[in-house]
Structures are given as structure tokens and as C-alpha cells.
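Structure first, then comments.
The values are calculated or read from the model by the stated rules, or taken from the named source; none is laboratory data. Treat the numbers as computed from the prediction; the structure is a model and nothing was measured. Glycine also receives a Cβ, built like all others from the backbone with ideal geometry; neighbour counts cover every protein chain displayed. For accessibility, only protein heavy atoms count, side chains too; no ligands or nucleic acids. Shrake-Rupley method; radii C 1.70, N 1.55, O 1.52, S 1.80 Å.
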Amino acid sequence: MYLHVADGVLTLPVAISTSIGAIGVLAYALKGTKEEDIPKISLLSGTFFVASLINIPIGPTSVHPLLGGFLGIILGRRAPLAVFVGLVLQALLFQHGGVSTFGANLLLMSIPALLVHWLFTYVKKPSPFQKGFIGGFVAICIAVLLLITLLMFSDSRYGDGAFSVIRIVIVAYLPLALLEGVLTGFAIKHLYAMKPSLFHRSL
């Protein structure tokens, strides 16, 4: 069960609303972007593009890394730009994700990154590893909650039954949230030790 929502999963009103929201998020991310930000955004776009194509089998389904916490900590408010580029490349090269749900997919992966960025703008005490773990774990949880919300707004039957789509999403992504938290923690700790200038005021 991917967090890339396919065409036909969401109702038209939800698809339109999320598309409008995605435009607003991109406008927010673009505001104040400087030329020196572009190389880092490009690098993280490639990282997101590759990572989110990795399939991790869990029981009868599979999941993929999102890197929301990683993007939020390093890129801050520019994270949606990296997500946008990555999603466009996935759609063009692999037909990954839907056209009508592109805005929803952008929001599902951008909002968690932005929330992690805002969280650590004010919370300074945790170590780089702790921030990475918290960011990686929380970003997945937020993305799953957002997906559940969109599904329920589209059709309440997504939540019906013991083996409903929503239950499968929760069960499948909980292990990934823990794994991504640990991996993000080590990645942030290593990068901060090697090149702290990458993080600006994030850490």
C-alpha cells in the first residue's frame, strides 16, 4: 500500500481541493528561495526520487520510504520543492502515482516535512540523532494520518471491515515509521558531524 495515491482513489472534490492546497504549499516553498539553495534542493530531489521507489515488503503488501523528516530537517520550508521534482520525475519516467491525485501526493509528503521543520525551529534541545529519529518517525505518522483523512473524505468504505484499506495502511507503515526514524537519526547525526552548514538553523 503506497502513499502514492493513484487516479480514481479520491473523489473529484477532494482531488481539486488537494491540488489547490498543493499550489499554496509550492508558493510558500518558493518564496524567498535563493540561487544558492538550488544545488541542495536538487540533491535532495534525487535522494527522494530514488528512496521512494524502493519497495519494502511487509506481509501481504509493501511500503516505501518517504524521507519527510530528512527533507524537513535539511531543506526546511524548501522541502516541497524537492518533493515536487521527485514526484514529477517518478510520474514521467515510471508512471508512479496519479495525475488527478498529484496535488494529494505532494501534500502527503510535503506537509509532514514542513511540520518537522517547524517543530525543530522551536525545539532545540534534542541531539542530532534524536531530532532525526523523531523527525523520521513523526513524518511517517503524519503522512498516514493525512492519507486516512483523504480516504475517509472520499469514501467511508475505505474504513469498513477488519481488513479495511485504512487498517492495512496503519499496520504496514508502523514498522516503516520506526525504521525510518532510526535511519534518519543516523543520517542526520552523520551529516551534522561532517557538514553542519547543511542544516542552517535546523539543529
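Overview of results
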item	result
Number of the exception - Leu81 against (1) under 15 Å from the mean Cα position of the chain (by Cα); (2) open to solvent by 30 Å² or more (accessible area, probe 1.4 Å); (3) more than 24 Å from Ala172 (Cβ to Cβ)	(2)
Among the residues listed as Ile142, Ile148, the single one being without any contact (Cβ under 8 Å) to a residue 40 or more places away in the chain and either under 23 Å from Pro13 (Cβ atoms) or open to solvent by 70 Å² or more (accessible area, probe 1.4 Å) (or both)	Ile148
Residue in segment 162-195 that is farthest from Phe48 (Cα to Cα), counting only those that are out of contact with any helix residue (DSSP H, G or I) (no Cβ under 8 Å at 6 or more places or on another chain) and not in a helix (DSSP H, G or I)	Ala162
Tabulated pairs, segment 26-43, first without any contact (Cβ under 8 Å) to a residue 12 or more places away in the chain, second open to solvent by less than 30 Å² (accessible area, probe 1.4 Å), C-beta under 7 angstrom, 6+ apart or interchain	none
Hey, Leu66 open to solvent by less than 20 Å² (accessible area, probe 1.4 Å), part of a loop (DSSP other than H, G, I, E, B) and at pLDDT 80 or above or not	yes
Qualifying positions in segment 146-169 - modelled with pLDDT under 85 and under 26 Å from Leu67 (Cβ atoms)	Tyr158, Val165, Ile166, Arg167, Ile168, Val169
Selection status of Ile111, touching a helix residue (DSSP H, G or I) at 6+ places or on another chain (Cβ under 7 Å), open to solvent by 10 Å² or more (accessible area, probe 1.4 Å) and within 21 Å of Leu66 (Cα to Cα)	yes
Selection within segment 98-116 - among the hydrophobic types (A, V, I, L, M, F, W, C) and assigned to a helix (DSSP H, G or I)	Phe102, Ala104, Leu106, Leu107, Leu108, Met109, Ile111, Ala113, Leu114, Leu115, Val116
